[in-house]
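Visitor: Got a structure here, written out as structure tokens. Questions coming.
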Amino acid sequence: MAMNHPISRDRRRTRRLGRLSVAFVAVGAIAVLSACGSSNGSSPSAGGAAPPMMPTSLSAANASWAQVVSRAKAEKTLVFYGLGSDLSDPLVKGFQKAYPWAQVKVVNGSPGDNLSRLETEAKTGAPTADVFLLPQSLRKSLLDNKIVQQTTVPSDFTMTASFQDSSHYAHPVYVSPIVLDYNTNKISASQMPKTLYDLADPKYKGMITFDSPQNVALAAHLLVAPEQAWGMTKWEKWLDGLKANDVLISADATSAYQAALQGNAAIAVDTPSDVLNQKSGTPMAYALYKDAVPFAQFAWLDARAPHVDMGRLFLDWMMSKQGQAVYAATGRSPALSSVKSSMSLSKLVPAQYGIAPVSVFKDFYANPQPFIDQMTQRWPQ
């Protein structure tokens, strides 16, 4: 069974435990880094007010971009906190192909490890990252600890609108649709739930498995997504119905897939990757539902970025067609819909289903704890 798809590894990294690994990738030597201010003389936003003269249109961003590139070239160095070498290595290679003079220091760790590192650096004033990848479910911690700053770069204005962050803190880089894997020996395609609300139907009792909601990963996003459209009363009734269906809690989404494959459940909350990478003849498929829930990954500019223009240059490149093609080449679904690949969302999710906008998580991203509390009441750790 091929279980090594990069998105599968991303899902496992959402758990707080994990060993921080440090890798150095550069053209030439990398000097010892120290915390310093913005290279353009302005003070970066400490997770609050917008930076001075933040562009508000593509034409305005393009008009000043040559100056950003010039300042970035003078800074030369970028510090990037990534989630694993399977992604950070190709990103660095692609970025240095576009900007051969760039020197890049990479620190890879799980989301929990990197958040703890960023929080400690913010509190102590220690040297920190220019850019890092973390999901928006950690947004409140990032803002409360004044770790991130707002910025706009040209590629923000060409990014797929449904994934954009209107506050200009988070910058989408890839998006995985959350699907329902199913064991074809236990349930047929015609018997599968047609909507998320159907999951609470008693006929699915004992048939469902998903990762722990406390992971704040796939299951948490699937469970939270309908609340905005349904309202609290209908949403809580649905959660109660799911609880009554005796959901099997798995360590992560790939474990849920394996539980369904082994016959311990019939339906698993997952992304398409495990099914797409399984051996021919494996009795697992995935089903969709209207407005598939997105699980998105975002890049952020650190409020104390020691090389703020290199950070902006890297953000722009990651969201450009060239950078998004690198994400596609690693088996991830590009957030930029105009980049076509076998992992494009348009390939994985036919138009009749569609993908919900990330705005369905607005309240969740602003303050996840009340939602986590609701889930924990029903599925304790």
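Visitor: Give segment 105-126 a look and list any residue that's within 19 Å of ALA296 (Cβ to Cβ) and among the polar types (S, T, N, Q), or say none.
Guide: Scanning segment 105-126 gives SER110, ASN114.
Visitor: Then there's this: Report yes if LYS146 is without any contact (Cβ under 8 Å) to a residue 24 or more places away in the chain and over 17 Å from the mean Cα position of the chain (by Cα), otherwise no.
Guide: So LYS146 does not fit the description; no.
Visitor: Of all residues being of a type in the set (S, T, N, Q) and not in a helix (DSSP H, G or I) in segment 202-224, which is nearest to the chain's Cα centre (by Cα)? Just the residue, please.
Guide: My answer is SER212.
Visitor: Taking the stated definitions as given, is PHE298 in contact with a helix residue (DSSP H, G or I) (Cβ under 8 Å, 6 or more places away or on another chain), of a type in the set (A, V, I, L, M, F, W, C) and under 25 Å from VAL224 (Cα atoms)?
Guide: Here the answer is yes, as PHE298 does meet what is asked.
Visitor: Before we move on, is ASP309 assigned to a helix (DSSP H, G or I), out of contact with any Leu (no Cβ under 9 Å at 6 or more places or on another chain) and not assigned by TED's automatic domain parsing to the domain that holds GLY82?
Guide: In short, no.
Visitor: Continuing with the same structure: Please verify whether segment 169-184 includes one or more residues that are in contact (Cβ under 8 Å) with a residue 60 or more places away in the chain, farther than 22 Å from GLY354 by Cα and within 19 Å of the chain's Cα centre (by Cα).
Guide: yes
Visitor: List the number of the failed condition for LYS340; all other conditions in (1) touching a residue at least 60 places away in the same chain (Cβ under 8 Å); (2) in a loop (DSSP other than H, G, I, E, B); (3) surrounded by fewer than 20 Cβ atoms within 10 Å (Cβ to Cβ) hold.
Guide: Of everything listed in (1) touching a residue at least 60 places away in the same chain (Cβ under 8 Å); (2) in a loop (DSSP other than H, G, I, E, B); (3) surrounded by fewer than 20 Cβ atoms within 10 Å (Cβ to Cβ), LYS340 misses just condition (1).
Visitor: Just the residues that are under 12 Å from TRP317 (Cβ atoms) and among the hydroxyl-bearing types (Ser, Thr, Tyr), please, taken from segment 85-112.
Guide: TYR99
Visitor: Condition check: part of a loop (DSSP other than H, G, I, E, B), modelled with pLDDT of 95 or more, more than 15 Å from GLY311 (Cα to Cα) and more than 17 Å from the chain's Cα centre (by Cα). Does ALA49 satisfy that?
Guide: Working: part of a loop (DSSP other than H, G, I, E, B): yes; modelled with pLDDT of 95 or more: no; more than 15 Å from GLY311 (Cα to Cα): yes; more than 17 Å from the chain's Cα centre (by Cα): yes.
No, not satisfied.
Visitor: Identify, from the list SER320, SER333, SER337, the residue that is closer than 24 Å to ALA129 by Cβ and in the same structural domain as LYS140 (by TED's automatic domain parsing). If you could, list the steps in order and put the result at the bottom.
Guide: Details: SER333 fails: closer than 24 Å to ALA129 by Cβ; SER337 fails: closer than 24 Å to ALA129 by Cβ.
Of the residues listed, the single one that is closer than 24 Å to ALA129 by Cβ and in the same structural domain as LYS140 (by TED's automatic domain parsing) is SER320.
Visitor: Checking the condition of a type in the set (S, T, N, Q) and either within 30 Å of ALA329 (Cα to Cα) or buried (at least 24 other Cβ atoms within 10 Å of the Cβ) (or both), which residue from GLN278, GLN214, GLN262 passes? I'd like the intermediate steps shown before the answer.
Guide: Values: GLN214 fails: either within 30 Å of ALA329 (Cα to Cα) or buried (at least 24 other Cβ atoms within 10 Å of the Cβ) (or both); GLN262 fails: either within 30 Å of ALA329 (Cα to Cα) or buried (at least 24 other Cβ atoms within 10 Å of the Cβ) (or both).
When all the criteria are applied, what remains is GLN278.
Visitor: Test ALA189 against the stated conditions and say whether it is outside the structural domain of VAL153 (by TED's automatic domain parsing), at pLDDT 95 or above and either buried (at least 24 other Cβ atoms within 10 Å of the Cβ) or within 30 Å of GLY82 (Cβ to Cβ) (or both). Lay out the reasoning, then the answer.
Guide: Working: outside the structural domain of VAL153 (by TED's automatic domain parsing): yes; at pLDDT 95 or above: yes; either buried (at least 24 other Cβ atoms within 10 Å of the Cβ) or within 30 Å of GLY82 (Cβ to Cβ) (or both): no.
It is false that ALA189 is outside the structural domain of VAL153 (by TED's automatic domain parsing), at pLDDT 95 or above and either buried (at least 24 other Cβ atoms within 10 Å of the Cβ) or within 30 Å of GLY82 (Cβ to Cβ) (or both).
Visitor: Can I ask one more? Consider segment 226-285. How many of its residues are more than 23 Å from the chain's Cα centre (by Cα) and of a type in the set (A, V, I, L, M, F, W, C)?
Guide: 17
Visitor: What number of residues in segment 92-112 are of a type in the set (Lys, Arg) and over 22 Å from PRO127 (Cβ atoms)?
Guide: Result for segment 92-112: 2.
Visitor: List pairs: first residue in segment 312-325 and surrounded by 20 or more Cβ atoms within 10 Å (Cβ to Cβ), second residue in a loop (DSSP other than H, G, I, E, B) and among the aliphatic types (A, V, I, L, M) anywhere in the structure, Cβ distance under 6 angstrom, at least six positions apart or on different chains.
Guide: Filtered contacts from segment 312-325: ARG312/VAL153; LEU315/VAL153; ASP316/VAL153; MET319/MET159; GLN324/LEU336; GLN324/VAL339.
Visitor: Return only the number of the condition from (1) in the same structural domain as SER155 (by TED's automatic domain parsing); (2) part of a loop (DSSP other than H, G, I, E, B) that TYR327 does not satisfy.
Guide: So the condition that TYR327 fails would be (2).
The values are calculated or read from the model by the stated rules, or taken from the named source; none is laboratory data. Everything quoted here is computed from the prediction, not taken from an experiment. We place every Cβ from the backbone using ideal geometry, glycine too, and count neighbours over all the protein chains shown.
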